[in-house]
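The structure appears below as structure tokens.
The values are calculated or read from the model by the stated rules, or taken from the named source; none is laboratory data. Owing to the predicted nature of the structure, the values given are computational and were not obtained by experimental measurement. Here Cβ is always computed from backbone atoms with ideal geometry, including for glycine, and neighbour counts include all displayed protein chains.
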Amino acid sequence: MSQLQMFGLNMWLLIGILTLLLFATVGMLVLYTSTRAWLTTRAQNRSFAEFQAQRIGPDGQRKPPQGSGICRRCGDAVANGYHTSQGCICVACFDTTSQT
Ligand SMILES: [Zn+2]
């Protein structure tokens, strides 16, 4: 086999290896992007479900808006109390009143 034929075969081998590397790189990028998109969608759905669970009680009724205030039943200053039409009420007092 002459040196020119050897050179031609090596060029084809090099082209083949580079093509395989290109396909492997594109495949890895697609895999990485789709995995990240799937994980992001899953995290968004979980976060939204958690947010909805905080807003809607077990009876299906929407809970009153939350904010800081002083509980009208126990008198504690709370960062996340419920603001009802009767005034602010802390989460612990709200849970005991909604259960009874
Ligand atoms: Zn309270």
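Below is a table of values for the structure above.
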{"item": "Count of residues meeting criterion [in a loop (DSSP other than H, G, I, E, B) and more than 30 Å from the chain's Cα centre (by Cα)] in the range 90-100", "result": "1"}
{"item": "Enumeration of residues in the range 1-57 that are of a type in the set (Ser, Thr, Tyr) and more than 30 Å from residue 82 (Cβ to Cβ)", "result": "2, 19, 25, 32, 33, 34, 35, 40, 41"}
{"item": "Verdict on residue 59 being loosely packed, with under 10 Cβ neighbours inside 10 Å and of a type in the set (Asp, Glu)", "result": "yes"}
{"item": "Given (1) modelled with pLDDT of 95 or more; (2) more than 25 Å from the chain's Cα centre (by Cα), index of the condition residue 28 fails", "result": "(2)"}
{"item": "Enumeration of residues in the range 46-83 that are among the hydroxyl-bearing types (Ser, Thr, Tyr) and in the same structural domain as residue 96 (by TED's automatic domain parsing)", "result": "68, 82"}
{"item": "Filter result for residue 43 (of a type in the set (A, V, I, L, M) and either outside any helix (DSSP H, G or I) or under 16 Å from residue 93 (Cα atoms) (or both))", "result": "no"}
{"item": "Residue, nearest to the ligand (Cβ to nearest atom), within the range 49-89, restricted to residues that are of a type in the set (S, T, N, Q) and assigned to a helix (DSSP H, G or I)", "result": "54"}
